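The values are calculated or read from the model by the stated rules, or taken from the named source; none is laboratory data. Quick caveat, the model's predicted, so the values are computed rather than measured. Because the Cβ atoms are built from the backbone with ideal geometry, glycine has one as well, and the counts that use them run over all protein chains shown. Remember, those area values only see protein heavy atoms, side chains included, never the ligands or the DNA or RNA. Shrake-Rupley method; radii C 1.70, N 1.55, O 1.52, S 1.80 Å.
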Amino acid sequence: MTLEQKIGQMTQPEIRWITPDQVRQYYIGSVLNGGGSWPEMNKHASLSDWTRLTKSYATAAMETDMPTHIPLLWGIDAVHGNNNVMGSTLYPHNIGLGAAHDPELLFRIGRATARAVRAIGASWAFAPTVAVSRDARWGRAYESFSSDPVEVAKDGAAVVRGLQGSISGPDDVLATAKHFVGDGGTARGQDQGDNLATANALARVDGAGYYAALDAGVQTVMVSYSSWTDGGKIPFGKMHGDRTLVTGVLKDRLHFDGLVVSDWNAIEQVPGCTVDHCPQAVNAGIDVFMVSEKWKEFIANTVADVRAGRIPMSRINNAVTRILRVKMRAGLFDHPVASSPLTGDQAALTDRPLAREAARKSVVLLKNNSFKTSASPILPLRVGKRILVVGGGADSFAEQTGGWSLTWQGDDNVNADFTTGETLLAGLRRVYGAANVTYSPDGTALAKAQYDAVIAVIGETPHAEYKGDVRWPAPLAESASYPEQLKLLKRVSGKGVPVVTVLYSGRPTYTSDIINRSTAFVAGFLPGSEAGALADLLAGRKGLDFSGRLSFAWPNTACPTGGELASETLFKRDYGLSYHHGGTVHHLAELSVPRSCP
Ligand code: GLC
């Protein structure tokens, strides 16, 4: 291979900025579609649009003038189902999957997700995130399974095994353990910030998911935007320039022999680098560069660096060896991706029963009190009751699926964008009968008729990455971020009708003021496209019961200092009620939510 061919293999453009013929001309080794990127930039692209596009790039890669053609990898953020693709089933985000405490379920979700990725003709899923999130201010808190490294290790490994299967089968895809290392432990939860852990804590906590993912045979690792300062004293800088950890630890000490991929344009954050030129990142041990737009310049600059001796050829050869090794292990030289019988199979995009099971297992019952003279807790709410449903979240696919859903942020979707799935409102109408379910988003209907119960479904604006950060000193409280939620609860509570509140949230957050105005309270997290399945759970149909237990502590303050301190905890990690193991939650201390934390 020529130097240009080798560096072409190391370059990963985004499909908006490269044509299939350029993949051929520049010997490109992989492409990706980023969150919010679809065939013809059409969010409603059909499965055949996707397969036509992936095939065009894959074919082009096999038409280079090289004596041996090298098959292309197509990477996609399939982080809770094949979530970029309209018509796909979306599973609960990791924060809820961690609450399920069910690695076998996560393995099945991995298997189903691999099928859905194969259906479009892609072969590489940028999942699972194995961050151990320790500060709920982080905008990606919901992408973390737990603040417990042991849970993260179990869940991350299960998803890797589910996605990769035998690695080379027609229903297998490459998995990605991300983001290496310490993305979930940055100061004050700032996305892409600085992790101040000691080396021991970084290894023991942030590293836990990687040992398990490597043991599970993960073939790719994505580097974190974050940086590390050992114990807050010794700066190692941005991970994308950190040879000590990327090569010294991941490759040499942990013997990882797959490929390491950079994050989106992340090399520009390495001091002295630009978005298209970073010999430090190549020498640090990154093998594939997600340079999205400026890929031509990256190739030219990196060729020049090698020729000038700034990058040793041995590093290039090692990177290309790893890339070819992963492609061989994936069977791509023997079985082109498009040859899979799953390619173009619409049914492979969905698995509704699995998503409904996962949704029910991913939510946590935090409060289930009795009401007035009744001795029994308000839930299960038996069929036959007349229910008033309030809150925008009840009929919002966007709020139940969160970020990384059809689009990057997930905040620009309407219900019509989701062609499969069920909202909680639809589920309640299915379970209790439409005649017994009245929907009044603002709750004003309560004053006009008699109901046996109110179900308030409140959600957050979907978000992803740094856009979801709650930057200190802002308070971390639903009533601060979403004041309309508390206003709604004040409107419908204390009116002689019990209130069941379901909160869709991407993080544990101060809600004592809302919980006090709820007879029962469910932490719904982000249950996915089948949130309607929660209706069966609320009704206790077919013996269904809550089984979810918190995988993060739930705060008693709007100004948590990070690290889930006992003094700042309302419900501990692993807390969760059920119909068979109840418990009364007495009136909670309602601290006034400050405009900014001290
Ligand atoms: C994003 C995310 C990463 C994702 C990548 C490709 O910035 O950090 O998790 O896989 O870009 O979309």
Packing rank of 256-268, 369-381, 149-161, where each peptide gets the mean count of other beta carbons within 10 Å, highest leading | 149-161, 256-268, 369-381
Of all the accessible heavy-atom surface of segment 3-348, with the other protein chains kept in place and a 1.4 Å probe, what percent is carbon and sulfur?
-> 53
So how far apart, in nm, are the two label points at S596 and K385 if each is 7 Å from Cα heading toward Cβ?
-> 4.4
Geometric extent, Cα atoms of the chain - Rg, Dmax (angstrom) = 24.3, 83
Principal-axis tilt of helix 103-119 within the chain, Cα atoms, nearest 10 degrees | 60
Going by a 4.7 Å Cβ-Cβ cut-off, which cysteines of the chain have no partner at all?
-> none
Using Cα pairs under 8 angstrom and six or more residues apart, how large is the relative contact order of segment 35-181, in percent?
-> 25
Can you give the charge dipole size of segment 325-421 about its Cα centre, rounded to the nearest 20 debye, using +1 on the beta carbon of Lys and Arg and -1 on the beta carbon of Asp and Glu?
-> 680
Distance in nm between label sites at I234 and M66, each 7 Å beyond Cα in the beta-carbon direction?
-> 4.0
Heavy atoms only, probe 1.4 Å: what % of the accessible area of segment 352-571 goes to carbon and sulfur, would you let me know?
-> 52
Given the Cα-Cα distance of K572 and S46 and 0.36 nm per residue of separation, how much length would full extension add, in nm?
-> 184.9 nm
Computed label-point distance, nm, for sites R430 and M313 using a 7 Å Cα→Cβ extension | 6.2
Could you tally the net charge around Y504, taking each other residue with its Cβ under 9 Å from the Cβ of Y504, Lys/Arg +1 and Asp/Glu -1?
-> -2
Heavy atoms only, probe 1.4 angstrom, no DNA, RNA or ligands counted: give me T438, T220, T244 ranked by accessible area, highest first.
-> T244, T438, T220
What percent does the relative contact order of segment 352-571 come to when contacts are Cα pairs within less than 8 Å and at least six residues apart?
-> 32
Angle in degrees between helix 483-492 and the longest Cα principal axis of the chain, rounded to the nearest 10 = 30
In square angstrom, what is the accessible area per residue of the chain with a 1.4 angstrom probe?
-> 34
Pairs from K154/K467; K372/K495; K361/K542; K448/K495; K6/K296; K6/K327 whose Cα-Cα separation, in the structure shown, is over 18 Å = K154/K467
Charge tally in the Cβ shell below 13 Å around T561, where Lys, Arg are +1 and Asp, Glu are -1, T561 excluded | 0
Please work out how much accessible surface W554 shows to a 1.4 Å probe, ignoring ligands, DNA and RNA, in Å² rounded to 10.
-> 0
Restricted to the chain, the DSSP antiparallel beta bridge percent, nearest 5, is 25
R140 - accessible surface, heavy atoms, 1.4 Å probe, Å² rounded to 10 | 10
Once a ≥ b ≥ c are taken as the square roots of the eigenvalues of the Cα gyration tensor of segment 3-348, is the result rounded (a/c under 1.5), prolate (a/b larger than b/c) or oblate (a/b not larger than b/c)?
-> oblate
In whole percent, what relative contact order does the chain give with Cα contacts below 8 Å and a gap of six or more residues?
-> 17
What residue among G241, H44, V223 has its Cα farthest toward the positive end of the dipole of segment 3-348, where the charges are +1 on Lys, Arg and -1 on Asp, Glu, each on the Cβ?
-> G241
If you take the beta carbon distance between A447 and K372 as r and set R0 to 30 Å, what does 1/(1 + (r/R0)^6) give as a FRET efficiency, to the nearest 0.05?
-> 0.95
Show H335, H580 ordered by accessible area, largest first, where the area counts protein heavy atoms only and the probe is 1.4 Å.
-> H580, H335
On Cα atoms only, tilt of 295-307 relative to the major axis of the chain in degrees | 50
Per the C-alpha gyration tensor (a ≥ b ≥ c, the square roots of its eigenvalues), segment 276-320 is rounded if a/c is under 1.5, else prolate if a/b beats b/c, else oblate; here it's oblate
